[in-house]
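These notes are about the structure you will find just below.
Only the coordinates and a few stated rules stand behind these numbers; no lab work does. Fair warning: this is a prediction, and the values are worked out from it, not measured in the lab. Here Cβ is always computed from backbone atoms with ideal geometry, including for glycine, and neighbour counts include all displayed protein chains.
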Amino acid sequence: MQIRPKHRPQWTEEELDVIFSKATLVLGELRKDASGVYIHRDAYGKAEHPLGWEVDHIKPISEGGTNELSNLRPLNIPANRGRNN
């Protein structure tokens, strides 16, 4: 199921909850992302926050990836922006 047709959609709170839940639970709303960095649900999109995170496309749109939930994961902001895709 494709959620949105464009590359950087505005995610709903429900979608963000599903995406955030893919990270490894540590305690409460504190989780570890795929790179092993701690992230917090309330820090979504907050680049200045040490626990900030964004939605990452596992397979980038530029390489044929989609906005399907199965292709999305939470990733800390520096790691996500460092992927350059």
Problem - Inter-site label distance for H49 and E68 at 7 Å from Cα along Cβ, in nm - result: 3.0
Exercise for the section: Using Cα positions and a limit of under 15 Å, work out the aspartates and glutamates in reach of K59, with same-chain residues fewer than 8 apart set aside. Expected result: E68
Problem - Amide H contacts under 5 Å for W53, placed H, 5+ residues apart - result: Y44, G45, K46, I77
Handout entry: Assigned charges on the beta-carbon of Lys, Arg, Asp, Glu; segment 13-82 dipole about Cα centre (debye)
Key = 300
Problem - Correct option for semi-axes √(5λ) of the Cα gyration tensor in Å [calculated from the coordinates] among (i) 27, 24, 14; (ii) 20, 14, 11; (iii) 36, 15, 9 - result: (ii)
Exercise for the section: With springs connecting C-alpha atoms under 10 Å apart, model the chain as a Gaussian network and identify which of E29, E13, E68 has the largest mean-square fluctuation. Expected result: E13
Problem - the chain, relative contact order in percent, only Cα pairs under 8 angstrom and at least six apart counted - result: 29
